[in-house]
Amino acid sequence: MKLHVVYSVLASLALLGVSVAHSGTAPSSSSPDVAIRATKAPSPPSPISFTAGGRSPKGEVLSVNSRYLVRDGVPWFPVMGEFQYSRYPESEWENEILKMKAGGIQIISTYVFWIHHEEIEGQFDWAGRRNLRRFVELCAKHRLYVWARIGPWDHGECRNGGFPDWLIKRCPTREINATYLGYVKRFYGQIGLQLKGLFWKDGGPIIGVQLENEYSARGPGKGAEYILALRRLAREAGIDAPFYTITGWDDAVVPSTGVLPVFGGYPDAFWSRSLTALPPNANYFFTRIRCDEDVMDDLRSKRPDIDALDSHYPYLTAEMGGGMELSYHRRPLITADDIAAMELAKLGSGVSLYGYYMFHGGTNPDGKLTTLQESQATGYINDSPVKSYDFQAPLGEFGQMHDSFRNLKIFHLFLSDFGSSLAPMTPYFPGKMPAAKSDTETTRVAARLEGDHGFLFINNYQRLYPLPERKQFRVRLEMPPGTMEVPQNPVDIPSGAYMIWPVNLNLGPAVLRYATAQLLGQLSEPRTFLFFAWPGVSPEFAVEEKDGSSVEAPRARVRREGGVIYVDGIEPGSGLAFQIRDRSGTRTQIVVLSREQALNVWKAKLAGRERFILSPAELFFEGDRIHMRASDPSSLRASFFPAWQEPPKGFADAGSDGVFHQYAATVSNAGDVSAKVEEAQPGDDPPPATIGNGVPMAPDESAFDKAARWTIHVPHIDASDVHEIFLRIRYEGDIARLYAGGHLFTDNFYNGSAWEIGLGQIPREELDRGLELRVLPMRSDTTIYLPLGARPAFPAGGEIAKLDEVRIIPEYEVVRDLGK
C-alpha cells in the first residue's frame with residue numbers, strides 16, 4: 001500500500017475551521033480602536049532570591065533583578081547568538097565572530113559537546129576546530145561576551161545529545177550517581193583548564209554558564225538536587241561565572257536557588273511527528289506565557305503555577321529560533337519574516353535578553369569512531385543530516401548571510417541604542433486579546449511602557465497563515481498623564497507587517513509623541529534619529545511644541561493642532577525628512593528610510609566617530625578596517641553618514657546620497673564562470689523507507705551506492721579579489737551529498753530550496769580532480785513533510801533524482817582601513 005502525504009496547509013486548517021489564502025494575503029478586516037490600559041504602575045523590580053552577578057578586575061559590575069540584567073548600574077538588554085565553534089573551521093572563526101558583531105550580537109553562546117572532545121575515553125581533543133580556549137580568546141579580542149553551555153548533556157542534534165558512546169554504556173546518566181558524576185567532574189575539569197583566566201572575575205569575556213539542557217527528570221538523585229550538584233562541580237572546576245542558567249521549557253526542573261531559567265521558541269518543529277503543516281504557532285502572539293508548549297489552543301496557560309514561578313525571574317531567552325534544522329521526515333522552509341516577526345512578538349511580551357539558536361550554522365566534524373549527528377539509529381526521535389548543520393540560520397553553514405541576517409539586524413540596531421530604556425519597561429496588553437491560535441480577526445498589539453513613554457508593538461504576521469489587512473487601525477493608550485490616540489488619524493496595517501512605534505520618545509529639544517515609523521538608531525553628533533517606514537504605512541510624526549523650538553520640513557506637510565506639530569507626507573529615503581531647532585539653534589535631524597534601505601543599514605565606529613552606513617554588500621568591521629563582500633561587484637559600495645571629508649583610501653567618490661555620501665570600490669571581475677558537470681551514474685530504485693519512531697528513518701549508507709552521481713569540475717578563477725567560491729545546486733531528489741577527495745564534505749535534505757556550498761575549505765587539488773555529487777532518488781510514496789510547492793513532479797517511474805542547475809558564484813571582498 002502506498003502512503004501519500006498531505007502537503008497542503010489547508011488540510012490542517014480544515015481541522016481548525018480556519019480559512020486561509022495561500023497567495024500570501026488575506027481579506028481585509030476592519031480594525032476598531034485597540035485599547036491598552038496602562039494606568040497602574042507596576043511594582044519596582046525586586047532582588048532575586050540568591051546571589052548572582054559579579055565584578056571584573058576593572059570594576060565593571062554585572063547584576064540581575066526580577067525584571068532585567070544590569071551592567072554598571074544601568075539596565076542592559078543584550079542580544080545573544082549561538083555559534084558552535086567545533087562545527088566550524090578554526091581558521092574562519094575570527095571573521096565569523098566579526099560578522100556576528102556587525103549584525104548586533106553582543107554575547108556568543110556555544111555548546112561544549114562532550115563527544116567532540118572525548119569520543120575515545122580518556123583521550124581529550126582540544127585542538128583545531130575543537131580549541132575552545134582559542135575561540136573564547138577571539139571573542140574577548142573583539143569585545144564580545146561568552147555564555148558557555150557546558151552540559152554535560154547538550155542535545156543540539158548531536159549524537160547522544162553530546163554524550164560519548166562509551167559513557168552511556170558505562171552508567172546511568174543525568175542523575176546523581178558516583179560513576180557518572182565522576183566522569184562529569186573530569187570533563188568539567190578539562191573545560192575549567194581550557195577556560196582558566198577567561199571568566200568575568202579574571203577580566204575575561206565569560207559571563208554565563210548553562211548547565212544541562214531540557215531537563216525535567218524528577219525523583220531520588222534527580223531534579224533540582226542534580227542541577228545544583230552540577231553547579232557545585234562546575235565551580236569546583238574553576239567554571240565560575242556571574243550567571244548560571246538552565247532551560248525553562250519541557251516541564252523543566254528549576255531549582256529555587258543558584259540558577260536563572262532561560263526560555264525559547266521556534267517558528268516550526270522539525271522534531272514534530274506531524275507530516276503536514278503545523279497549526280498556528282503561539283510564538284507570534286503577545287503573551288505573558290514564556291513556554292510555547294504551555295500555551296493551549298485558546299491561548300491560555302496549561303500551567304499557571306509554572307507561570308507564577310517564572311514571574312520571579314527576568315524573561316531571558318537562549319533558544320529563540322534563528323532558523324530551523326531539517327530532519328529526514330520533516331523539512332520546513334523558514335523565511336526571514338518567520339524569524340523576525342517572532343522576535344517582535346517576544347520583545348512586546350517582555351523579553352529582556354534575546355538569545356538565538358542558531359545564529360550561525362556549521363558542519364558536524366568528522367568523528368573518530370562514528371558520525372556525530374543525531375539519528376533514530378542511536379535511539380533519538382529524529383534523523384539529522386550527517387554533516388550539515390546550516391539550521392537556516394542568519395549566518396549559514398559556510399558563513400553566508402541569509403536574508404534573515406538583515407531583517408534581524410534592524411532590531412539589533414534598535415536594541416543597541418534603546419535597549420537600556422526598553423529593558424525595565426512593563427508589557428501591557430489590550431483588553432481584547434485573540435481568543436485562540438486560530439483567531440485571525442483580533443489585532444495583535446502590545447505596549448511596553450514606563451510611565452508615559454515606551455513603545456508600541458504591532459504584529460500582523462503569522463507563519464503559513466496570512467493575517468488580514470487591518471483597516472482603520474489606531475491604538476488608544478491610557479497612561480498616567482491621560483489618554484493618547486496613536487495615530488491621530490487611523491491607518492491601514494498591511495497583511496504581513498510587523499512594527500515598533502515609539503511613544504513619547506525624548507528627542508532632546510522636543511518630545512516625539514508618536515511616529516508611525518520604526519526607530520532604527522541614533523547618532524549624537526550630529527544629533528540624528530534614523531527611522532524606517534513599513535511599505536503601505538505612511539510615516540506620520542507628532543512632535544510636542546516647545547517654546548522657542550521649530551520644525552522645518554520643506555519636503556513634507558506640517559500642521560499644528562493642540563500644541564502638537566504633525567509631520568506627514570514624507571517620502572521615505574536617505575534625505576532629511578525634517579529637523580527640529582531649539583531656541584539655541586541646536587538641530588535634531590530625522591531621517592526616514594524605506595524598509596529596503598533599512599535592511600542595508602549598518603552602524604560602526606570608524607576613525608573615532610560613530611557612523612551609519614548604507615550598503616547592499618555584506619559588511620563587518622575590525623577596528624577601523626571595513627570588510628565588504630558581495631557576489632555582484634557593483635554592490636561593493638557604501639554610503640556613510642557622517643560623510644568623510646575626502647574619499648577614504650581605496651574608494652572612489654560616487655556622489656551624495658541624501659544625508660549620506662556614497663563611495664565605491666572596484667575589483668577585478670571574474671566574469672561569468674561555469675562549472676563543468678558530467679553525469680557518472682543514473683539513480684537506481686531506492687528501497688521503501690523504514691518506519692522508525694512513528695516516522696520514516698533516513699536510508700542507511702548502502703543506499704547511496706545506488707544514488708545518481710555527477711562529477712563537478714570547478715575552474716580556476718584568476719581574479720585576485722575573489723574571497724570565496726560558492727556552488728549553488730538546484731536538484732530534485734531525497735538526499736544530496738557532496739564528496740571531495742572521496743570524503744563526505746556536506747549533505748542536504750531536499751526541501752525545494754537551493755543548496756549553497758562554500759568551497760573555500762576544499763584544497764585546490766581536490767577541486768581539480770572534481771567533486772562528486774550524489775542524489776538519492778525520492779520515491780513518490782515517500783511519507784515526509786515538504787513545504788507547500790516543494791513536492792517534485794514525479795515521472796511515470798515513481799521516483800526522481802534530477803539535477804536542475806549547478807552554478808559557480810564567486811564572492812568578492814575588499815578590505816579598507818578607514819582610519820588612515
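The values are calculated or read from the model by the stated rules, or taken from the named source; none is laboratory data. Every value quoted in this text rests on a predicted model; they were computed, and no experiment measured them. Using ideal geometry, Cβ is built from the backbone for each residue, glycine included, and neighbour counts are taken over all protein chains shown. SASA here: full protein model, heavy atoms, side chains in, ligands and nucleic acids out. Shrake-Rupley method; radii C 1.70, N 1.55, O 1.52, S 1.80 Å.
A few points about this structure:
- Plainly put, the range 405-496 has a radius of gyration that is 0.98 times its Kirkwood radius, both from alpha-carbon atoms, as the Rg/Rh ratio.
- Backbone N atoms of the range 244-267 closer than 18 Å to the 7 Å Cα→Cβ label point of ASP202 belong to residues 244.
- Fraction of accessible area attributable to carbon and sulfur, the range 188-240 (%, probe 1.4 Å): 48
- Selection from VAL558, ILE712, GLY694, by position along the positive dipole direction of the chain (Cβ): VAL558
- Counted over the range 113-272, the DSSP beta bridges are approximately 10% antiparallel.
- Among beta bridges identified by DSSP and lying wholly in the chain, the antiparallel ones come to about 75 percent.
- This model, with +1 at the C-beta of Lys and Arg and -1 at the C-beta of Asp and Glu, gives the range 194-256 a dipole about its Cα centre of some 220 debye.
- 5 angstrom amide H check on PHE620, placed H, neighbours 5+ away: HIS627
- Using a probe of 1.4 Å on the protein chains alone, the accessible area found for MET425 is around 10 Å².
- Entry comment: accessible area of the chain is 37 Å² per residue, from protein heavy atoms only and a probe of 1.4 Å.
- Between helix 132-141 and the chain: long-axis angle, C-alpha atoms, 0 to 90°, nearest 10: 20
- Between the range 779-815 and the range 426-474, the alpha-carbon center distance in angstrom: 38
- Spatially proximal lysines relative to LYS802 (Cα-Cα < 24 Å; intrachain offsets below 8 disregarded): LYS2, LYS387, LYS676, LYS706
- With a Förster radius of 35 Å applied to the C-beta separation of ALA754 and ASN506, the computed FRET efficiency comes to 0.15.
- Panel values: the chain, Kirkwood radius from alpha carbon pairs, Stokes-Einstein at 20 °C and 1.002 mPa s, translational diffusion coefficient 76 µm²/s.
- Between the alpha-carbon centres of the range 649-721 and the range 515-564 there is a gap of 45 Å.
- 0 to 90° range, to nearest 10: angle between helix 93-102 axis and the chain longest Cα axis: 30
- Computed accessible area, ASP307, all protein chains, 1.4 angstrom probe, square angstrom: 40
- Largest accessible area first, the residues SER272, SER668 order themselves as SER668, SER272 under a 1.4 Å probe with ligands, DNA and RNA left out.
- Formal net charge of residues neighbouring TYR731 (Cβ-Cβ distance under 13 Å; K, R +1; D, E -1): 0
- Measuring nothing but how far apart in sequence close Cα pairs (under 8 Å, 6+ apart) lie, relative to its length, the chain scores a relative contact order of 13 percent.
- Inter-part distance where the range 357-387 and the range 250-267 are each reduced to a Cα centre, Å: 24
- The long axis of helix 178-194 is offset from the longest Cα principal axis of the chain by roughly 60 degrees.
- Charge sum, other residues only, whose C-beta stays under 14 Å from ALA127's C-beta, Lys/Arg counted +1 and Asp/Glu -1: 0
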